[in-house]
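Engineer: Could you have a look at this structure, given as structure tokens, before my questions?
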Amino acid sequence: MNATQPGMEPDHIDLNDPKACADWARKLDCSESQLREAVKAVGTEAGAVEMHLHGVHSSTNADRVHEAGD
């Protein structure tokens, strides 16, 4: 993907481009099927797809201690 080409959006996932799909799947550590499902769920914005696939859990030490049962 070349960000200087007209119409190209490097932070968006183009499911119609097989090479781009393979590149994004590798970058996001998922299968192309998982990538397609994520794009269907949240749209083509790469950050949203990454959040959908991997999620973010911000926790404090207190949260981890509570989860451990101490």
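The values are calculated or read from the model by the stated rules, or taken from the named source; none is laboratory data. The model shown is predicted, which means the values in this text are computed figures rather than measured ones. These area figures cover heavy atoms from the full protein model, side chains too; ligands, DNA and RNA do not enter into them. Shrake-Rupley method; radii C 1.70, N 1.55, O 1.52, S 1.80 Å.
Engineer: Could you state how much accessible area Asp29 has, in square angstrom rounded to the nearest 10, with a 1.4 Å probe and all protein chains kept in place?
Structural biologist: 130 Å²
Engineer: Would you list Glu32, Glu37 from the most to the least accessible area, probe 1.4 Å?
Structural biologist: Per-residue accessible area, sorted high to low, gives Glu37, Glu32.
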